[in-house]
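Undergrad: Got a structure for you, questions after.
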Amino acid sequence: MILISKYLVPNGYTGLTIFPFVFLKSKHLEKHTVLINHESIHLKQQSEMLVIPFYLVYAIEFLIRLFQYKNWDLAYKNISFEREAYANEFNLDYLKHRPFWGFLKYIRDHDV
């Protein structure tokens with residue numbers, strides 16, 4: 001379910017996924033298929049990990065990446081969940097063929 005909220009989506013971001021919702025910064029973004037696909041990949045990741053563990057792993061990995069890169073943006077972009085979503089956001093059929101826990105492939109992938 002897509003909801004519009006300029007207040008819940010942090011500055012610098014256009015969308016945010018909190019299972020089972022996708023929050024977009026503005027209404028016109030509902031037609032942005034690449035963004036919707038990116039956020040749909042996050043919905044799949046969250047459901048596979050039973051939601052709460054997803055957020056725990058996401059936060060821990062972010063802190064590890066922040067320590068590793070000492071840069072907020074690089075840390076965020078190198079979280080395995082984000083790597084998977086960014087790498088496949090233009091492939092609108094990705095979710096049809098995505099393997100279970102597909103993000104695991106991106107844990108050791110090269111840095112963004």
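The values are calculated or read from the model by the stated rules, or taken from the named source; none is laboratory data. All values reported here derive from a predicted model rather than from experimental measurement. Cβ placement follows ideal geometry from the backbone for every residue including glycine, while neighbour counts extend to all protein chains displayed. SASA here: full protein model, heavy atoms, side chains in, ligands and nucleic acids out. Shrake-Rupley method; radii C 1.70, N 1.55, O 1.52, S 1.80 Å.
Undergrad: Keeping to segment 18-31, report how many residues are more than 17 Å from residue 42 (Cα to Cα) and open to solvent by 70 Å² or more (accessible area, probe 1.4 Å).
TA: 3
Undergrad: Does segment 1-17 hold any residues that are open to solvent by 30 Å² or more (accessible area, probe 1.4 Å) and more than 18 Å from residue 77 (Cα to Cα), and which are they?
TA: 1, 2, 3, 4, 6, 7, 8
Residue by residue, here is whether (1) among the basic types (Lys, Arg); (2) out of contact with any helix residue (DSSP H, G or I) (no Cβ under 6 Å at 6 or more places or on another chain) holds:
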| site | (1), (2) |
| --- | --- |
| 52 | no, yes |
| 65 | yes, no |
| 78 | no, no |
| 84 | no, no |
| 87 | no, yes |
| 94 | no, no |
| 105 | yes, yes |
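Undergrad: Pick out, from segment 37-112, the helices (runs of 4 or more DSSP H) lying fully within it that include 1 or more residues that are over 20 Å from residue 2 (Cα atoms), open to solvent by 80 Å² or more (accessible area, probe 1.4 Å) and without any contact (Cβ under 8 Å) to a residue 12 or more places away in the chain.
TA: Here the list reads 52-69, 72-77, 94-97.
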